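The values are calculated or read from the model by the stated rules, or taken from the named source; none is laboratory data. Quick caveat: nothing in here was measured; it's all calculated off a predicted structure. Positions of Cβ are backbone-derived with ideal geometry, glycine not excepted, and every protein chain shown enters the neighbour counts. All accessible areas refer to the heavy atoms of the entire protein, side chains included, with ligands and DNA or RNA removed. Shrake-Rupley method; radii C 1.70, N 1.55, O 1.52, S 1.80 Å.
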Amino acid sequence: MYIFLLFLPSLQGFQTFLFFNNIKMILPIIGYGDPVLRKVGEAVSEDYPNLKETIVNMFDTMYNAYGVGLAAPQIGLPIRIFVIDTTPFSDDEDLSKDEQTELKSFKKTFINAKMLVEEGEEWGFNEGCLSIPEVREDVFRNEKITIEYLDEDFNKKTESFDGLIARVIQHEYDHIEGILFTDKISSLKKRLIKNKLQNIMEGKTRPDYKMKFLVKKGR
Ligand SMILES: [Zn+2]
C-alpha cells in the first residue's frame, strides 16, 4: 500500500510500478473521428518517456481486443510506433503450412518505420480496424513491401514481407501516416458506411473492449 501511494503522484511512476509488477495496463482504443488518428506520427527517440512500458501496454491492449496490430495513434499518441502479432491468422487452413508457421511466430514492434517499396500485384482482403468497430471492407494493397524500422532495442532493420504479414504492416503503417483503411475504399462504399462511421464518432457502438470516442455519450 505504501509503495502504491509513493508512486501515485505521477503517471510515469504509476506506469513503471505496473510494468515492474507485471500488471497489465489495458488502454482505451481511440475511436474513428478523433483527430489523433489523422496526424502524421512523429519519430521517437530512445529516451522517449516510458517507451518500454508503452510498447508492452500496446501489446496488452491489442491482445485484449483480439487484434493483430495496433498503432500508437490508436492509444492517443501521435508517434511512429506500431506493434503486430499475427498469431490469430495462423489457424487459417486455406494457407500453406509454411505461411501458417510464419504467421504463428510473427510478433514485432516497429519504431520510426519508413516504407521503402510497395510492389507486386494488388490484392483484396477484407480488413477491419480496432478504431472502427463493426466495419469491414475489402482493401486492395500491393503484395510485397520493403520497410526500414527500428526494433524495440533500437536496432535498425530493413526487411521485405509479403502476403498477410505485409498486409498487416501496410495497415498499421498507414495509421502512423494518419491514414485509415476506410480512406482506401470506393466512394460508393464510403457513402454506404457513412452512417456507421458517424455512429462510431458519437460513441454508438459496443465493442467488447474499452474505447474512447470523440463525442462523449449522452451529449
Ligand atoms: Zn487499424
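Numbers below:
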read-out	value
Whole-angstrom gap from segment 179-219 to segment 42-118, using each part's C-alpha centre	22 Å
Rounded to whole Hz, the Karplus (6.51, -1.76, 1.60) HN-Hα couplings of segment 65-71, x for glycine and proline	9, 6, x, 10, x, 8, 10
Within a Gaussian network of the chain (alpha carbon springs, distance under 10 Å), most fluctuating of VAL83, VAL44, VAL36	VAL44
Long-range HN-HN contacts of GLU127 with modeled amide H, under 5 Å	GLU137, ASP138, VAL139
Candidates LEU164, LEU70, LEU18: whichever shows maximal mean-square fluctuation once the chain is modelled as a Gaussian network with Cα springs under 10 Å	LEU18
Residue among GLY128, ILE23, PRO35 farthest towards the positive dipole end of segment 1-133, charges placed on Cβ	ILE23
With every protein chain in place, segment 142-198: carbon and sulfur % of accessible area (1.4 Å)	44 percent
Estimated vicinal HN-Hα couplings, Hz - segment 124-132 in sequence order (Karplus 6.51, -1.76, 1.60; Gly, Pro = x)	x, 8, 6, 9, x, 8, 4, 7, 10
Mean residue ellipticity (222 nm) of the chain, computed from DSSP H runs ≥ 4 via -39,500 (n - 2.57), nearest 500	-9500 deg cm²/dmol
Extension gain, ARG38 back to ASP94 (0.36 nm per residue minus Cα-Cα distance, nm)	16.7 nm
Contact order relative to length of the chain, as percent, for alpha carbon pairs under 8 angstrom and 6 or more apart	23 percent
Signed unit charges on C-beta, dipole axis of segment 143-204, positive-most listed residue ILE145, LEU180, ALA166	LEU180
Point-charge dipole on Cβ atoms (K/R +1, D/E -1) for the chain, about Cα centre, debye to 20	1400 debye
Accessible area expressed per residue, the chain, with surrounding protein chains retained (probe 1.4 Å, Å²)	56 Å²
Placed amide H near LYS212: partners under 5 Å, 5+ positions off or other chain	ILE29, ILE30, GLY31
Prolate/oblate/rounded label for the chain (Cα gyration tensor, a/c 1.5)	oblate
Contact order relative to length of segment 47-110, as percent, for alpha carbon pairs under 8 angstrom and 6 or more apart	27 percent
Relative contact order (%) - criterion: Cα under 8 Å, at least six apart; region: segment 54-175	22 percent
Label-point gap, in nm, between GLU46 and PHE59 - each point 7 angstrom along Cα→Cβ	2.0 nm
Counted charge near THR182, where neighbours are those whose Cβ lies closer than 11 Å (Asp, Glu -1; Lys, Arg +1)	+2
